[in-house]
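A quick write-up on the structure given underneath.
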Amino acid sequence: MEIKPTYTIQKGDTLDAIARRNNTSIRTLMRLNRIENPHEILAGATLKLPADTLELSAAARQDRHIRSTDQPHRARRADVRELASVIHDSQRQPRSPFLRSMMPAAERIEAKYGLPAEVIVAQAALESNWGKSAIGTYNVFGIKGEGSQGSIKVSTREHTGGRWHRVQARFAHYGSFDEAFEAYAKTIHNGYYKRALANKEDPVRYARALQGTYATDPSYAAKLISIMRNQSLM
């Protein structure tokens with residue numbers, strides 16, 4: 001199959017259908033073509049496509065979807081640079097200095113894995129109390145287990161049985177924010193977050209899909225969405 005760097009919109013096309021046929025995402029098409037409203041595209045207009053886009057058969061797309069829920073889909077290094085540049089050009093500038101400092105790392109993860117940067121920074125804010133309670137300085141996602149620098153035992157709250165409980169748990173200790181963000185992406189691809197991955201093109205749906213899986217807080221999704229709205233990220 002030939003690589004198609006451009007696509008001419010046909011009557012009746014939707015951005016979602018075009019993205020699926022060409023093995024890409026709505027978010028990528030919107031950023032490459034500076035589209036603000038995905039529901040307003042004109043027949044006859046030409047869309048730029050990612051350099052490595054292929055038009056896959058339905059069977060191939062299904063196979064790719066199954067595999068992508070089990071392991072991260074990593075874009076090629078050159079494509080990551082190109083897409084990260086496009087994402088940066090969209091100039092998403094949250095109001096909070098903390099979120100602005102986290103956005104470049106989140107955008108690199110978005111370019112590499114397709115996860116929504118808006119939700120990533122919102123989670124960083126919520127999990128770390130806006131950077132004030134980052135575990136070992138860099139673990140802003142509350143990731144448990146071992147990191148490159150070992151682990152740290154921390155007192156935390158868990159919501160179980162309809163009540164909040166204080167528990168002790170070991171959290172990963174990282175040597176940099178980039179390590180923490182990469183660990184976050186790998187956590188989302190550990191096989192437990194398939195519903196979130198299936199909704200990664202829509203930040204709100206992605207946030208809602210994290211409810212009850214990433215955190216026990218019954219208001220987790222609502223808090224993430226509130227942060228995104230208050231920070232002008234949606």
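Across the range 16-32, rounded Karplus estimates of 3J(HN,Hα) from the backbone phi angles (6.51 cos²θ - 1.76 cosθ + 1.60, θ = phi - 60°) give 4, 5, 4, 4, 5, 5, 10, 6, 9, 10, 4, 4, 5, 4, 4, 6, 5 Hz, Gly and Pro being marked x.
Summing +1 for each Lys or Arg and -1 for each Asp or Glu among the other residues whose beta-carbon sits under 13 angstrom from that of PHE181 gives -3. In the range 126-218, Cα pairs under 8 Å separated by at least six residues give a relative contact order of 23 percent. The mean accessible area for residues of the range 128-196, using a 1.4 Å probe and ignoring ligands and nucleic acids, is 56 Å² per residue.
What's the carbon and sulfur percent of the range 169-234's accessible surface, probe 1.4 angstrom, rounded to a whole number?
On the way: 1410 of 2980 Å².
Ligands and nucleic acids excluded, carbon and sulfur reach 47 percent.
Straightening the chain between ALA169 and SER155 buys 4.4 nm, computed as 0.36 nm per residue apart minus the Cα-Cα spacing. What nm distance separates the two modelled labels at LYS144 and ARG34, each placed 7 Å from Cα along Cα→Cβ? Distance between the two pseudo-spin positions: 4.7 nm.
The values are calculated or read from the model by the stated rules, or taken from the named source; none is laboratory data. As the structure is a prediction and not an experimental result, all values here were calculated from the model. Cβ: placed from backbone, ideal geometry, glycine included. Neighbour counts: every protein chain shown. Heads up: the accessible areas ignore ligands, DNA and RNA and are worked out on the full protein's heavy atoms, side chains in. Shrake-Rupley method; radii C 1.70, N 1.55, O 1.52, S 1.80 Å.
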